[in-house]
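Novice: What follows is a single structure, and I will ask about it in a moment.
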Amino acid sequence: MTNAKLRSLASNWLGFVLLSALLILVFPAVLDDFRLNLVGKYLSFGFVVLGLVLCWGYTGILSLGQGIFFGLGGYCIAMFLKLEASTPENTAIQSTPGIPDFMDWNQLTELPFFWEPFHSFAFTVIAIMAVPAAVAFILAYAMFKRRVGGVYFAIITQAVTAVLTILIIGQQGYTGGINGITDLRTLLGWDIRTDEAHNILYFICVALLLVCILLGRFVLKSKLGRILVAIRDKEERVRFSGYDVANFKVFVFCVAAALAGVGGAMFTLQVGFMSPTIIGIVPSIEMVIFCALGGRLSLIGAVLGALIVNAAKTTFSEMFPELWLFAMGGLFIGVTLFFPRGLAGLVDDYVVPFLSKVFLGDKKTPPPEPAVTKLAE
Amino acid sequence: MPHIGPVVESDILLALEGVTVSFDGFKAVNDLSLYIQKGELRVIIGPNGAGKTTVLDLICGRTKVSEGSIAFKDTEVTKLKEHEIVRLGIGRKFQNPSIYEDLTVLENLEISYPKGRGVFGALGFRRTAEVADRIDEIADMIFLKEHLNTKAEILSHGQKQWLEIGMLLIQDPELLMLDEPVAGMSVAERVKTAELLNRIIEGRAVIVIEHDMKFVESIAHRVTVLHQGKVLAEGRMDKIQEDPKVREVYLGH
């Protein structure tokens, strides 16, 4: 095999293979059940950052509201699980048996109509992606067709996040309010609270995440991916090349939302509840930080960013609860100022040239490849 | 090739009639009528603020007309969206080179290739031999064949201008509009650009806005002089240069 072939193979697949090995082999081997479950929870944010790489990194659409879509996906599966847990036998002590406990506490006497379809597992699986995508479609269509973009769009996503969170908290009888939907037990009769179930869910989460990374790569490697970059750089030129730019922006935003929805569902399954505190303004901004730190132009890097920042958050927020938020803010500013391409950019600039020097015998360090056309990861 | 003579109805590719556009009461273009024939190369000149760029903006839908009509191949375009106008066959080059700096020359041309313009069309688009050949052909024409895999960012200013012209050519538009194509170019680059323009007008109409009178002389067939949003004079270059009104407002400077 020639060096050039080897190099292109390596640059295309090395990151993916290493990440797969880390998630499938290393973590399960070295982490105990509790920590593996934690990693699984962090990885559920990986789905969100994949979407952010597509819509923020490549297309330039900054969304500060990905928490909404994460939450919608998470609530969809939570509703299904809650209905399964609320059998008439389990809820016999309620004044209305057979409805979720929080509804009973809020004097509801029958299941609200929008809960009904969530008895069906097939419906729920579709809804996990379709509901976030539909909300994203309405939002994006209204904004992008009117050519609202940039910082205005970011502010609107932030506002919608606030509205939705307030709505969920306010409608306690329908949504479980601030506590969220808790006490989830089984999925189609399978108890999801045991260590064994957590392990299996971890592997399901990893498998789905890897599939989504491949999907993201497929999009970025197609002409569509290059059009997204073109839109980010010179939107008007794309329009005057005969493209309806708004459609492309709507599409990528919906894909990002659907991905976030899958992440939310995996979060609910592995953590056992869903609540508004996980999807509000602060978590939505944190998701952007994961992506920025890992590298907004790298699918693999962004997933690692989600892992690293979440791990750091778990460790440090217990030790220094007051300082943590400042540290996180500082981290974001630092990365944006000094490493705009995040950790993945550092790897591209320093580690990759070093490795190719050692293994491929490059005499001189090749100039770092431009981040943006490196659509590989 | 320059059709100068009686205008026959069917020869008209683009017709602007009574076009007015006002920005907060200021009429940048005022009751303008302009006809472009098939295969014609028309140069629009005029002092700063005469409304030259605005005219191009109106034709390609970037600015909406306040009054009047613009018909391209007998289709009214004033109500169409920009990308729909492009698909009818109008290509527009901007004053500053407007290319995708983060992509290679090849990718710039590929995006401009008029296939796979919908979201899913773009997702399924493949670089077939036909596409690759067309890209090669255009790259050759715009003197960038050696630079297909160069990132557009590092091209020289003149090369960027050519690339943008190439991005339009690959769409094979019937009407090509160029806004100051030689601005910022070296003398050698200007000569090459004039040669390029004389080649690409084959089979299409071209509207050029230009300030450089020597360059205009080297390409122009027919010249329209705009002044304060109106046509001041129109005709062959040599006639225009002798026109006292034109000398007063523009050429005399």
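Novice: Explain nothing, just compute: Karplus ³J(HN,Hα) = 6.51 cos²θ - 1.76 cosθ + 1.60, θ = phi - 60°, for every residue of the range B:72-84 in order, whole Hz, x for Gly and Pro.
Specialist: 10, 6, 6, 9, 6, 9, 5, 9, 7, 7, 3, 5, 5
Novice: Would you kindly derive the ³J(HN,Hα) couplings of the range B:28-36 from the backbone phi angles with the Karplus curve 6.51 cos²θ - 1.76 cosθ + 1.60 (θ = phi - 60°), listing them in order in whole Hz, with x for Gly and Pro?
Specialist: Going residue by residue, I get 6, 10, 10, 6, 8, 10, 8, 10, 10 Hz, with x marking Gly and Pro.
Novice: So which lysines pass the test for A:Lys5, namely a Cα distance under 27 Å, with those fewer than 8 places away in the same chain ruled out?
Specialist: A:Lys221, A:Lys223, A:Lys357, A:Lys363, A:Lys364, A:Lys374, B:Lys145, B:Lys151
Novice: Right, another one. Tell me the angle of helix A:150-170 to the major Cα principal axis of chain A, expressed in degrees between 0 and 90 and rounded to the nearest ten.
Specialist: Helix A:150-170 sits roughly 20 degrees off the main axis of chain A.
Novice: Using a Cα-Cα cut-off of under 20 Å, which lysines could be cross-linked to A:Lys82, ignoring same-chain neighbours fewer than 8 residues away?
Specialist: Of all the lysines, those that pass the test against A:Lys82 - Cα under 20 Å, at least 8 places apart if same chain - are A:Lys41.
Novice: Does the range A:313-360 classify as rounded, prolate or oblate by the C-alpha gyration tensor (a ≥ b ≥ c root eigenvalues; a/c under 1.5 gives rounded; else a/b over b/c gives prolate, otherwise oblate)?
Specialist: Numbers: a/c = 6.08, a/b = 2.33, b/c = 2.61.
Oblate shape, in that a/c is at least 1.5 and b/c is the bigger or equal ratio.
Novice: Further question on the same structure: Could you run the Karplus curve 6.51 cos²θ - 1.76 cosθ + 1.60 with θ = phi - 60° over the range A:34-46 and give me ³J(HN,Hα) per residue in whole Hz, x for Gly and Pro?
Specialist: 4, 6, 4, 4, 4, 4, x, 5, 4, 5, 5, 6, x
Novice: Between A:Tyr350 and A:Lys221, what is the FRET efficiency for a Förster distance of 30 Å, r being their Cβ-Cβ separation, to the nearest 0.05? Display every interim value, and only then the final one.
Specialist: Working: r = 25 Å, r/R0 = 0.83.
That gives a FRET efficiency of 0.75.
Novice: Farthest toward the dipole's positive end in the range A:18-280, which of A:Met266, A:Thr96, A:Ile181, given Cβ charges of +1 (Lys, Arg) and -1 (Asp, Glu) about the Cα centre?
Specialist: My answer, from the dipole projection, is A:Met266.
Novice: For the protein assembly as shown, give the magnitude of the charge dipole about the Cα centre (Cβ charges: +1 Lys/Arg, -1 Asp/Glu; no others), in debye to the nearest 20.
Specialist: Numbers: 57 positive and 63 negative charges, 188 e Å.
For this selection, approximately 900 debye.
Novice: Could you list A:Thr124, A:Thr161, B:Thr128, B:Thr63 in order of exposure, starting from the residue whose Cβ has the fewest other Cβ atoms within 10 Å? List each step's numbers first, then the result.
Specialist: Numbers: A:Thr124 20, A:Thr161 25, B:Thr128 10, B:Thr63 17.
Ascending number of Cβ neighbours within 10 Å: B:Thr128, B:Thr63, A:Thr124, A:Thr161.
Novice: Shifting gears a bit: Mind checking the dipole of the range B:125-253: about its Cα centre, +1 per Lys or Arg Cβ, -1 per Asp or Glu Cβ, Debye to the nearest 20? Before the final figure, lay out the partial values.
Specialist: Values: 17 positive and 23 negative charges, 31 e Å.
In total the dipole reaches around 140 debye.
Novice: Moving on to the next point. Of B:Gly68, B:Gly25, B:Gly39, which is the most mobile in a GNM of chain B whose springs link Cα atoms less than 10 angstrom apart?
Specialist: Evaluated over chain B, the most mobile residue of the options is B:Gly25.
Novice: Does chain A come out rounded, prolate or oblate, given a ≥ b ≥ c as the square roots of the eigenvalues of its C-alpha gyration tensor, rounded meaning a/c under 1.5 and, failing that, prolate meaning a/b above b/c? Could the numbers behind the result be given before it?
Specialist: Numbers: a/c = 2.02, a/b = 1.51, b/c = 1.34.
Prolate.
Novice: Also: Rounded, prolate or oblate: which fits the range B:86-137, taking a ≥ b ≥ c as square roots of the Cα gyration tensor eigenvalues, rounded meaning a/c under 1.5, else prolate when a/b beats b/c?
Specialist: Values: a/c = 1.57, a/b = 1.30, b/c = 1.21.
It is prolate, given that a/c is not under 1.5 and a/b is the larger ratio.
Novice: Starting from the 7 Å offset along Cα-to-Cβ, what nm value, one decimal, do you get for the label separation of B:Asn96 and B:His211?
Specialist: 1.5 nm
Novice: Amide H of A:Met274: which non-local residues (sequence gap of 5 or more, or other chain) have their own amide H closer than 5 Å, using H built in the peptide plane?
Specialist: A:Ile181
Novice: Calculate the spin-label point distance for A:Thr194 paired with A:Met319, positioning each point 7 Å from the Cα along the beta-carbon direction, and give it in nanometres.
Specialist: Here the modelled spin labels are 3.7 nm apart.
Novice: So for A:Met266, B:Met177, A:Met143, fewest C-beta neighbours within 10 Å to most, what's the order?
Specialist: Details: A:Met266 29, B:Met177 25, A:Met143 20.
Sorted ascending by nearby Cβ count, the order is A:Met143, B:Met177, A:Met266.
Novice: Moving on to the next point. Enumerate the amide H contacts of B:Leu226 below 5 Å, restricted to partners 5 or more residues apart or on another chain; note that Pro and chain-start residues carry no placed amide H.
Specialist: B:Ile45, B:Gly46, B:Leu232
Novice: Which far-off residues, 5 or more places away or on another chain, put their amide H under 5 Å from the one on A:Leu187, with H placed in the peptide plane?
Specialist: A:Ile192
Novice: Assigning unit charges at the beta carbon (Lys, Arg +1; Asp, Glu -1) and nothing else, what dipole magnitude in debye, to the nearest 20, does the range A:18-280 show about its Cα centre?
Specialist: 1600 debye
Novice: Pairs B:Lys192/B:Lys239; B:Lys81/B:Lys115; A:Lys234/B:Lys115: which exceed 22 Å Cα-Cα?
Specialist: Working: B:Lys192/B:Lys239 26 Å; B:Lys81/B:Lys115 18 Å; A:Lys234/B:Lys115 19 Å.
Flagged as over cut-off: B:Lys192/B:Lys239.
Novice: Follow-up. Return the single residue from A:Leu215, A:Leu23, A:Leu81 with maximal mean-square fluctuation; model: Gaussian network over chain A, springs between Cα atoms under 10 Å.
Specialist: Residue with maximal mean-square fluctuation among A:Leu215, A:Leu23, A:Leu81: A:Leu215.
Novice: Can you pull the mean other chain C-beta count within 10 Å for peptide B:121-129? Mind dumping the intermediate values first?
Specialist: On the way: counts 3, 12, 8, 3, 5, 2, 1, 0, 0.
Average per residue, whole number: 4.
Novice: Picking from A:Gly180, A:Gly301, A:Gly361, which is most flexible by a Gaussian network model of chain A using Cα springs under 10 Å?
Specialist: Of A:Gly180, A:Gly301, A:Gly361, the Gaussian network model singles out A:Gly361 as fluctuating most.
Novice: In the range A:103-182, which trypsin sites (Lys or Arg not before Pro) fall in coil by DSSP and have 13 or fewer other Cβ atoms within 10 Å? Intermediate values should be presented prior to the final figure.
Specialist: Working: sites: A:Lys145, A:Arg146, A:Arg147; in loops: A:Arg146, A:Arg147.
Answer by residue number: A:Arg146, A:Arg147.
None of the figures in this text is laboratory data; all of them are computed from the coordinates on show. Everything numeric in this text was worked out from a predicted model, so none of it was measured. For neighbour counting, all protein chains shown are included, and Cβ atoms are generated from backbone atoms with ideal geometry for every residue, glycine included.
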